[in-house]
1. Using per-residue counts of other Cβ atoms within 10 Å, averaged over each peptide, order 252-261, 83-92, 67-76 from highest down.
2. Give the angle, between 0 and 90 degrees and rounded to the nearest 10, that separates the Cα long axis of helix 393-402 from the longest principal axis of the Cα atoms of the chain.
3. Give the Kirkwood hydrodynamic radius (Å, one decimal) of the range 83-137, defined as one over the mean of 1/r across all pairs of different Cα atoms.
4. Would you mind putting 202-212, 322-332 in packing order, based on average other-beta-carbon counts within 10 Å, highest first?
5. When ranked by the protection proxy of mean other Cβ atoms within 10 Å per residue, highest first, what sequence do the peptides 378-391, 352-365 form?
6. Could you point to the residue in PHE430, LEU463, PRO417 farthest towards the positive end of the range 383-466's charge dipole, with +1 and -1 charges on the Cβ of Lys/Arg and Asp/Glu respectively?
7. Where the Cα atoms of the range 93-254 are projected onto their three principal axes, how long is each span, largest first, in whole Å?
8. Let me check against my output: what whole-number percent is the relative contact order of the chain, with C-alpha pairs under 8 Å and at least 6 apart?
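We did not get these values from a lab; they are worked out from the coordinates using the rules stated. Quantities reported herein were computed from a predicted structural model and do not represent experimental measurements. Methodologically, a virtual Cβ is constructed for each residue, glycine included, from the backbone with ideal geometry; neighbour enumeration extends over all protein chains shown.
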Amino acid sequence: MLSLSSESLSFANGSFRDRDARVFHHEQHVLRALSARSLANWECVSSKRFWKEAIQNESIVATHRVPEFDSLVASSGFVAALEHRRLRLLTWPWEWCFSMLKDAALLQLQLMKGALAEDCILKDATPLNFQFQGSRVLLMDTASIERLMPGEAWDGYRQFCQQFLFPLMLQAWKNVAFQPWLRGSAEGVPVADFARMLSWRDLLRPGAFTHVWLHAILQRQSKHQPVRTSLESSGFERAMIQKNVDGLIGIVQKLRWSPAGSTWADYNVASSHVAHDSVVKERFVRDVCMSLNPSTVWDMGCNQGRYSRIAADCGAQVVAMDADHLTIDQLYCRLRDERNSKITPIVYNLADPSPSIGWNGNERPTLEARSKPDLVLCLALIHHLVIGSNLLLSDVMRWLRKLNATVVFEWVDRSDPLVAQLLQNRRDVFEDYSSQHFLQCAESQFRVVRSERLSETRELFLLQPR
């Protein structure tokens, strides 16, 4: 009988949902404790051709058996241990752009297709099982692949629809951001809710009739007869699952998000001051990166990734974050086409960041708990945080100091044209937004190592935490 106690091992907060295969850390190792049932699945799955090809293609995180840790996991009732390659960064699906979620959905389905051909199946279908390392997506929950039992249904179908398919359809068909839905509920977009969002014309779209409307009807009927019982009594076979997966691949591939545009997607081209300042800023950022040789860099308000690329060229792993969805989607697609493994883009609003959520408030931790930057790029951002998002300048500077990293900071004075644009049609209550107050706040938290004037209204600072 498997003991679920975690008193002997310190299991990862988000791994408890699979009782048979729990993740924990030991020294520098990322390990997965297996029950006897999960070990049998591992021995079967890891011998299959699709698994070996996926490992070779880096579509699945590198994983191997470590018998020397079997005695360590035995104290918690498990029988064996696997070791996974340590991932540099964890991101959550509500931090992804449309193309990232779409690529993860397609990988889920392609792995399903390969598994089914060799009598295996991915029992789960949540984007939380996937991660991005740079622009490459991979499956990290290796225990979600199991042997396919005769007559078994695909338990993950509803999960795939609610956490992959419906969010993608919502973005592609209605231009409604999916991130708040995935952040707001661990279950994703409920089928009944999504069905109510669609018009009669939407039912003519590929996949809407089968995967939304009929799915909603089946779910209502399942209150009287469980869907699993109904399927098994009808002789549910592997071929039916394969046909469903093939159909879903075609539907997902055709989904396109075509927004009219955004202010920041064309920022580098449309803004004259960007071209004017970029040469000095690029040289400044490159000098700092070459002298510090940072391992991890956060580029806040990264836009098209101009300065993220400089940091990556200097050897850093970069988290490129911006609140503008279209900007991040365009950046991700370029990085993916380049096979860039250094820069991981995320849709991230610093004024409304991803909280620590899930069971007990810590199943999915904050970005600060997942990544520790050595260098932070905070360029042409402060006026958006203070004036655009109503944050206090002193609070922003204190938060930057809490990151305990070197900061390249661009101060934008209130006389700058873009600050004046932010203040249009609103009352100016931002007495704290001044060059004098900025310097007071900066010098109370950091040492000003270096500064360089960009223009009459903009200045670069190199800040070291005190």
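1. Per-residue mean Cβ counts within 10 Å order the peptides as 83-92, 67-76, 252-261.
2. 60
3. 12.2
4. Top of the packing list down: 322-332, 202-212.
5. Details: 378-391: 19.8, 352-365: 14.6.
The peptides rank, most packed first, as 378-391, 352-365.
6. LEU463
7. Principal axes ranked by extent give 40, 39, 26 Å for the Cα atoms.
8. On the way: 738 pairs, mean separation 56.4, N = 466.
Relative contact order comes out at 12 percent.
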